[in-house]
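Working notes, beginning with the structure itself.
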Amino acid sequence: MELKEVLRFADEKVFSKTGKHLDDLQEAILKEALQGRKYAAKVAKDRGCTEGYVRIAAAELWKLLSEILDEEVSKVNVRAILERAKFYDHSHSSAIGENYGTVNHNVNICQKIPRSPASPPNSQQTPEKPQIDLGDAPEIFKFFDRTPQLATLENWITHDRTRLIALLGINGTGKTTLSLRLADTIKTDFDRIIYRSLRFSPTLNATLTHLLQIFSPQSEIPQNIETKISQILDYLRKYRCLIVLDDLQMLFSSPQLAGQYQTGYEDYQLFFKLIAEVCHQSCLILNSSEKPREIARLEKEDCPVRSLELGSLGIAAKEILRSQKLSDEETWETLIDTYQGNPLWLELTATVIRELFGGRVAEFLQCEMPILDESLQFQLSQQFQRLTGPELAVVNYIATQTEPVAVSHFLSKIPLSPSELVNAVRSLRNRFLLDIEEREQITLFGLNPVLKQYVKIRYLSN
Ligand SMILES: Nc1ncnc2c1ncn2[C@@H]1O[C@H](COP(=O)(O)OP(=O)(O)OP(=O)(O)O)[C@@H](O)[C@H]1O
Ligand SMILES: [Mg+2]
């Protein structure tokens with residue numbers, strides 16, 4: 001039997017059981033295993049993740065197929081079992097006919113037609129739709145890759161029943177896009193899906209009122225904040241809800257060390273702590289470009305709390321360049337590396353390449369790199385204006401260095417007390433502005449070329 005046929009059959013089976021297709025990682029594992037190859041190293045290399053990660057995904061895949069096919073599936077027997085199952089599926093359907101209501105041995109059999117992966121599930125089989133309220137969420141037109149991150153988040157939410165997740169990363173790295181894609185991917189697991197941005201810094205009271213209005217538009221909203229919190233927790237217990245609160249950093253003070261709530265916003269910490277600690281069946285995702293302090297604390301304890309730092313989009317960023325119709329594909333990886341695989345930085349730079357270089361990346365790369373156009377500088381200025389004086393002193397110093405440096409090295413070079421310095425470096429870390437590297441048992445801190453260039457232009461050029 002052809003490899004493609006077996007793969008398609010496996011995908012159909014998974015889809016009819018879970019309502020979801022095999023994801024790219026599962027498909028890559030299956031492809032290799034069906035050909036009797038050792039897959040972990042190859043798949044890990046192709047997808048830029050660890051072998052351990054691939055093995056975990058494979059173990060879950062064998063478990064899922066074992067449940068679906070009702071026998072113990074492993075990498076060794078997966079092909080034989082799938083081929084046999086496909087054969088019996090086929091002979092079974094030809095024996096009883098493929099129509100509904102076939103009469104066979106005087107028994108009225110109402111045979112379910114297997115759902116085709118390509119066609120939408122029919123209404124009888126679709127689980128009741130979740131109620132979705134995305135408010136002012138941006139519409140996602142294009143979504144590339146992020147397969148490992150989606151798998152991790154999905155696993156935390158559906159398997160580990162994590163109640164509080166922080167999705168973190170520097171501006172433009174794709175937090176909003178990924179959280180919305182995730183919500184769409186796992187929506188059938190939920191009764192309610194809610195997205196709200198905190199970009200206008202609403203108080204906790206306002207956010208709770210808003211959430212209660214979504215849960216129950218007709219009911220009277222209590223005045224007391226404690227009653228509001230307890231009603232929200234009731235809803236989170238009664239319904240399985242996925243709530244995304246985006247732009248959490250807008251609740252933090254600036255210029256202050258990262259993750260410090262503005263005066264009057266501290267009660268959000270208590271709310272998030274309750275979400276993590278109280279028993280319920282829902283999940284709250286917080287998107288932020290600054291790591292909230294309570295997340296760091298709760299993660300350490302044995303709480304259903306996790307955080308995921310989003311980095312480069314990697315090679316998939318080529319699709320962004322392709323969609324912008326740039327040329328010289330052989331040079332795209334250099335461009336992606338220079339701009340750290342940050343989707344927003346690449347989108348803004350691609351516009352410049354289109355407007356001033358006729359879309360020719362090779363010609364653009366001949367200029368001294370990196371070039372930061374005005375819109376990219378504006379984006380970065382929004383982040384840098386949140387930094388404290390000591391943080392600026394640290395980034396200014398690092399920007400003048402050709403190699404990454406250790407904290408002990410700063411101590412003699414920057415006129416700050418050791419405590420101020422340590423706090424500044426920690427805060428920069430919690431804003432995802434520093435590159436961190438271990439070399440010969442020393443932790444070194446550097447700035448990526450885009451940030452370094454920005455600091456030079458903005459703070460060091462006069
Ligand atoms: N996986 C992806 N595939 C395609 N485009 C993406 C992807 N991730 C991000 N983008 C694009 O990159 C840009 C920035 O993404 P997004 O707004 O999600 O980042 P963010 O981390 O939420 O930024 P901010 O911190 O400013 O809120 C958007 O235009 C988005 O469409
Ligand atoms: Mg965002």
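The values are calculated or read from the model by the stated rules, or taken from the named source; none is laboratory data. Bear in mind that the values here come from a model prediction, so they are computed numbers and not experimental data. Please note: Cβ atoms are built from the backbone with ideal geometry, for glycine as well, and neighbour counts cover all protein chains shown.
Where strands (runs of 3 or more DSSP E) fall wholly inside segment 130-206, the ranges with 1 or more residues that are in contact with a Leu (Cβ under 8 Å, 6 or more places away or on another chain) are 164-168, 192-197. In segment 165-183, the residues that are in the same structural domain as P138 (by TED's automatic domain parsing) form Cβ pairs under 6 Å with partners that are assigned to a helix (DSSP H, G or I) and near ligand 2 (Cβ under 10 Å from one of its atoms), at six or more places apart or across chains, as follows: L167/K175; L167/S179; G169/K175; G172/L344.
State the number of residues belonging to segment 344-380 that are in a helix (DSSP H, G or I) and within 25 Å of L310 (Cβ to Cβ).
Step one: of segment 344-380, the residues in a helix (DSSP H, G or I) are 344-357, 361-365, 374-380.
Adding the requirement that they be within 25 Å of L310 (Cβ to Cβ) leaves 344-353, 361, 375-380.
Final tally of qualifying residues: 17.
Taken over segment 334-359, the criterion of being away from ligand 1 (no atom under 16 Å from the Cβ), out of contact with any helix residue (DSSP H, G or I) (no Cβ under 7 Å at 6 or more places or on another chain) and at negative phi is satisfied by D337, E355, L356.
Residues in segment 344-392 that are surrounded by 20 or more Cβ atoms within 10 Å (Cβ to Cβ), aliphatic (A, V, I, L, M) and closer than 25 Å to E437 by Cβ: 5 in all. Taking segment 259-343 and the helices (runs of 4 or more DSSP H) fully enclosed by it, the elements with 1 or more residues that are closer than 25 Å to T177 by Cβ and among the charged types (D, E, K, R) are at 293-300, 318-323, 332-338. Sub-7 Å Cβ pairs linking a first residue in segment 195-218 that is under 12 Å from L245 (Cβ atoms) and at pLDDT 95 or above to a second residue that is charged (D, E, K, R) and part of a helix (DSSP H, G or I), at least 6 apart or interchain, are L204/D267; L208/K228, ordered by first then second residue.
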